[in-house]
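Q: Below you will find the structure I want to go over with you.
The values are calculated or read from the model by the stated rules, or taken from the named source; none is laboratory data. Owing to the predicted nature of the structure, the values given are computational and were not obtained by experimental measurement. A quick note on method: Cβ atoms are made from the backbone with ideal geometry, for glycine too, and the neighbour counts reach across all protein chains shown. For the accessible areas, the whole protein counts, side chains as well, though only heavy atoms, and no ligand, DNA or RNA atoms are used. Shrake-Rupley method; radii C 1.70, N 1.55, O 1.52, S 1.80 Å.
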Amino acid sequence: MSNTNQTVPNTLPLLRDRIDSIDSQIQSLINERARCAQKVAEVKLAEQGDEKVVFYRPEREAQVLRRVMSRNEGPLDNEEMAKVFRQIMSSCLALEKPMRIAFLGPEGTFTQQAALKHFGKSIVSAPMAAIDEVFREVESGAANYGVVPVENSTEGVVNHTLDSFRDSRLKICGEVEERIHHHLLVSPHINSEDVMHIYSHQQSLAQCRAWLDRYWPHAERIAVSSNAEAARLASEAGLNGRAVAAIAGEVACELYSLVKVSANIEDHPDNTTRFLIVGNQLVPASGKDKTSLLISAKNEPGALYRLLEAFERHSVDMTRLETRPSLVSRWGYVFYIDFVGHYLEESCQAVISELQERASEVKVLGSYPVAVL
Ligand SMILES: O=C(O)C(=O)C[C@]1(C(=O)O)C=C[C@@H](O)C=C1
């Protein structure tokens, strides 16, 4: 083991020798860790059996990353260090069992970016054409987990995702937040001044509305199924000499070899999207968790008040409330509620059982670690 108190050499050859020696130690340790993960897989298989074995453990991953951040002394900052360990765990998990992750595609979407941020790069990516396809892919067992957008700090909730939980038995296993930067992109084969049509996902167009009003008031805005699809269309149009632009992110820009006419054009610089990880398992407590519920309220005066009052009385911190039409009865509603805590904690159990008495249906969509990265 190297002695951390050793003085740092001050010539380039000696510094590189030191780096080589440290790298060799890090490499041995990473492989030693990987062998432990392989052993963990054997133990899990022996204890849980082939059918029920769960390799991916979100609560354990969150604990590992939190520990990395809290003991970190720099000079690398906490997030950088956690990203390194994120990838080490991703590689170790892939040794235990390669994970197939379905996400709202095509390749290059912010959802793919979120999937890589959450699971690391050692996954098999499975882009889907729509949010309900992501759900179906995981329900059928074709994918191990799915990643879907659920809310954006500028535009609010993604209704498709919330609605997909009504008839699904999938559970929320995690959340991930991603800062969203939009760019105006064109094919290198066209002149950006000729652009009269701008493609993007409806939410992205909305997130850049003020900027578009100001700088491209005469261009027609065309909503398509995703911003990666917009990038694909802009690239294809460029090959045919048609001047079309797309609004999309970095990954799509690179994937379709587009060029940036303007970067970071979102109206709100802290524009952030929250994504959910959906899977088949109820996740044990990590020590810092959130819970999501779907509640069908009775259609009577004061129904919502009686639901919310239970949170107050048990001092459970509600972080989000969304209302959607129930689709079962006219003017009936379902509520999506997020709160701090794990559903097995005493105070959370107390709230849930009171809600069960007061609502016609309470579905626990899942408890999951608060996003670490
Ligand atoms: O602790 C486990 O259950 C493991 O499988 C090991 C490990 C890791 O590399 O630390 C790998 C995958 C899991 O998702 C969590 C942690």
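Q: Rounded to the nearest Å, what's the spacing between the alpha carbon centres of segment 209-269 and segment 131-156? Just the number, please.
A: That distance is 24 Å.
Q: Next up: Between residue 99 and residues 5 or more places away or on another chain, which pairs have amide H atoms under 5 Å apart, with H built 1.01 Å from N, and which residues are they?
A: Correct list: 124.
Q: So with the 1.4 Å probe, I'd like the accessible area per residue for the chain, rounded to whole Å².
A: Counting only protein heavy atoms, the per-residue value for the chain is 51 Å².
Q: Given the peptides 165-174, 258-267, 98-107, arrange them by the average over their residues of other C-beta atoms within 10 Å, most packed first.
A: Going from most to least packed, we get 98-107, 165-174, 258-267.
Q: Given the DSSP H assignment, sum -39500 (n - 2.57) over each helix run of at least 4 residues in the chain and divide by its residue total; what's the result at 222 nm in deg cm²/dmol, nearest 500? The partial results should precede the final answer.
A: On the way: 12 runs with 155 residues, N = 373.
One gets -13000 deg cm²/dmol as the mean residue ellipticity at 222 nm.
Q: Counting only pairs 8 or more places apart or on different chains, how many lysine pairs in the chain have C-alpha atoms closer than 18 Å?
A: Summing the qualifying lysine pairs gives 14.
Q: Can you put 337, 88 in order of accessible area, largest first, using a 1.4 Å probe? Spell out each step's value before the answer.
A: Numbers: 337 0, 88 25 Å².
Result, largest first: 88, 337.
Q: For segment 86-231, what is the relative contact order in percent, using Cα pairs closer than 8 Å and at least 6 residues apart in sequence? Mind showing how you got there, number by number?
A: Details: 203 pairs, mean separation 31.9, N = 146.
Answer for segment 86-231 is 22 percent.
Q: Now a separate question. Quantify, in whole percent, the carbon and sulfur part of the accessible surface of the chain (1.4 Å probe; protein heavy atoms only). List each step's numbers first, then the result.
A: Numbers: 9800 of 19200 Å².
That share works out to 51 percent.
Q: Same structure again: How far apart, in nanometres, would the label points at residue 305 and residue 52 be if each is projected 7 angstrom from Cα along the Cα-to-Cβ direction?
A: Result: 4.6 nm between the two label points.
Q: Also, quick follow-up: Per residue of segment 326-337, in order, report the coupling 6.51 cos²θ - 1.76 cosθ + 1.60 (Karplus, θ = phi - 60°) as ³J(HN,Hα) in whole Hz, putting x for Gly and Pro.
A: Ordered by residue, 3J(HN,Hα) equals 6, 6, 9, 10, 5, 6, x, 10, 10, 10, 10, 10 Hz.
Q: Let me ask another. Using the Kyte-Doolittle scale, find the helices of the chain whose mean hydropathy is at least -1.0 and whose Cα atoms extend 30 Å or more along the helix's long axis, counting only whole DSSP H runs.
A: On the way: long enough: 12-52 (54 Å, -0.60).
Span-like helices here: 12-52.
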